[in-house]
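Structure first, then comments.
The values are calculated or read from the model by the stated rules, or taken from the named source; none is laboratory data. Just so you know, these numbers come straight off a predicted model, no measurement behind them. Note that we place each Cβ from the backbone using ideal geometry, even for glycine, and neighbour counts take in every protein chain shown. Each accessible area value is taken on the protein alone, full model and side chains, heavy atoms only, with ligands, DNA and RNA left out. Shrake-Rupley method; radii C 1.70, N 1.55, O 1.52, S 1.80 Å.
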Amino acid sequence: GQNIDQPTEMTATEGAIVQINCTYQTSGFNGLFWYQQHAGEAPTFLSYNVLDGLEEKGRFSSFLSRSKGYSYLLLKELQMKDSASYLCAKGSGYALNFGKGTSLLVTP
Amino acid sequence: SAVISQKPSRDICQRGTSLTIQCQVDSQVTMMFWYRQQPGQSLTLIATANQGSEATYESGFVIDKFPISRPNLTFSTLTVSNMSPEDSSIYLCSVDSVGASYNEQFFGPGTRLTVL
């Protein structure tokens, strides 16, 4: 398998910052993706990293370390609408291999 | 980004029957994929739908159970054959991005299947 691991659940407070970690097997890697999925909806693309470092896009940032097989998604200034499942996916060839997702609950 | 529609959006089926799910894209795309998302789980790739040739199946998925068609660059179907309750899941099609340099995928709204 791809051994894509991420925490099952996280809780954070509105306005705070949260970091969601993801580790993966480094073989056959051609990119690391983060998707957001609200309950009952399809996943929507958040970010993509193929080189080491931090990619910033508004309130969301994503980091990659290829040698460590490690990525994180950083969400700043949390809003209630950010409560969702966050899926880490490793690109391998044309396919995406998804982790089990991290369910984030944002509380007032 | 591509606009993707799926039919049906949901269905309740009897054990032993088959259901064909349609995926339509508003523009031509190179790659189309079918995923399954079982209750409380993440997405698992079933197969890559290839235009003009047989689909490429992932380990654990076979053509007899999940036949796939891809007659052109905007349309694909997935059939779930001889269904059992274990096939109850959300089935999603996705397509690769057009004009991007990486394989970002856009997902359809999904088909929620319940097998009794």
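As a length-normalised measure over Cα pairs under 8 Å and 6 or more apart, the relative contact order of chain B settles at 36 percent. Note on chain A: along the principal axes its Cα atoms extend 41, 28, 19 Å, ordered by decreasing extent. For the residue pairs A:Lys90/B:Lys7; A:Lys100/B:Lys7; A:Lys57/A:Lys81; A:Lys90/B:Lys65, the C-alpha atoms sit more than 24 angstrom apart in A:Lys90/B:Lys7; A:Lys100/B:Lys7; A:Lys90/B:Lys65. Along the range B:56-72 the Karplus relation, 6.51 cos²θ - 1.76 cosθ + 1.60 evaluated at θ = phi - 60°, assigns HN-Hα couplings of 9, 9, 7, 4, x, 10, 10, 5, 5, 8, 10, x, 10, 10, 8, x, 8 Hz to successive residues, with x for each Gly and Pro.
Given +1 on the Cβ of Lys and Arg, -1 on the Cβ of Asp and Glu, and no further charges, what dipole in debye does chain A carry about its Cα centre, rounded to the nearest 20?
Values: 8 positive and 9 negative charges, 44 e Å.
Charge dipole, chain A, about its Cα centre: 200 debye, nearest 20.
For the protein assembly as shown, the equivalent ellipsoid built from the Cα gyration tensor has semi-axes of 30, 20, 16 Å, listed from largest to smallest. Looking at the protein assembly as shown alone, DSSP beta bridges between its own residues are antiparallel in about 90 percent of cases. Volume per residue for chain B equals 98 cubic angstrom (convex hull of Cα atoms).
What chain B shows is 47 Å² of accessible area per residue, with the surface traced by a 1.4 Å probe over protein heavy atoms.
Comparing Cα centroids, the range B:30-105 and the range A:29-80 end up 24 angstrom apart.
Calculated FRET efficiency, A:Ala39 to B:Ser59, Cβ-Cβ distance, R0 = 35 Å: about 0.75 to the nearest 0.05.
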